[in-house]
1. Among the helices (runs of 4 or more DSSP H) contained in region 65-122, which hold 1 or more residues that are in contact with a His (Cβ under 8 Å, 6 or more places away or on another chain)?
2. Within region 124-153, can you find the residues that are out of contact with any strand residue (DSSP E or B) (no Cβ under 6 Å at 6 or more places or on another chain) and open to solvent by 90 Å² or more (accessible area, probe 1.4 Å)?
3. When you check Lys121 against the structure, is it of a type in the set (D, E, K, R), surrounded by fewer than 13 Cβ atoms within 10 Å (Cβ to Cβ) and modelled with pLDDT under 90, yes or no?
4. Can you tell me which condition Thr64 does not meet? The list is (1) surrounded by fewer than 16 Cβ atoms within 10 Å (Cβ to Cβ); (2) closer than 19 Å to Ala48 by Cα; (3) in contact (Cβ under 8 Å) with a residue 60 or more places away in the chain, and all the others hold.
Amino acid sequence: MGLSFDSEYESDMRLDDELGVKAFDLINGLYERELADLFWEFGEERYAKKFAREIVKAVRSHLTYSNNPDVWEKYTANPAKFFEKVWQLKEADCFVSNTLAVRLLKEAEIPCRFVAGHYVKEKNDENQAILHAGSGHAWLEVWDAIGNHWTRLDATPKGDPMIDEEEQEK
């Protein structure tokens with residue numbers, strides 16, 4: 001019983017012999033995805049949010065803001081190569097850049113979700129939000145297992161006229 005790096009034996013890692021399953025049994029009996037889920041659930045990955053922020057920052061800095069329909073046609077010409085084409089052409093709006101970031105986060109097994117709504121900058125005389133096609137915006141949220149809440153992140157490249165870039169950097 002216990003933990004040791006000094007000798008070779010079937011990894012036990014139980015602090016209580018009556019628990020039944022050894023680490024050796026889990027490692028050799030579970031599929032990779034099941035192990036990843038187990039590590040995520042019980043490993044309390046303290047750096048997941050930091051990793052997510054760095055991935056989002058890399059996407060944002062790699063891309064240039066654009067909502068050019070000609071570029072969109074190139075992206076959608078071959079759906080199987082969509083993300084590869086985005087990375088190659090380096091142009092994206094909020095929807096494309098945050099979709100790319102979510103894809104990368106999912107591949108890194110970081111729990112996240114894509115969110116779309118409106119970024120409200122204009123209000124009428126009654127202090128009500130004015131929503132229109134130009135106020136649409138997309139961002140993403142990452143699950144913070146330590147804080148037990150969703151954290152908003154935004155991979156939109158600099159230059160989106162609807163975004164407060166200082167707020168985005170927070």
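The values are calculated or read from the model by the stated rules, or taken from the named source; none is laboratory data. Keep in mind that what you see is a predicted model, and the values were worked out from it rather than measured. We place every Cβ from the backbone using ideal geometry, glycine too, and count neighbours over all the protein chains shown. For accessibility, only protein heavy atoms count, side chains too; no ligands or nucleic acids. Shrake-Rupley method; radii C 1.70, N 1.55, O 1.52, S 1.80 Å.
1. Hits in region 65-122: 82-89, 94-107.
2. Passing the criteria: Asp125, Glu126, Asn127, Gln128, Ala133, Ile146, Asn148.
3. The answer is no for Lys121.
4. Tallying (1) surrounded by fewer than 16 Cβ atoms within 10 Å (Cβ to Cβ); (2) closer than 19 Å to Ala48 by Cα; (3) in contact (Cβ under 8 Å) with a residue 60 or more places away in the chain, Thr64 fails exactly one: (2).
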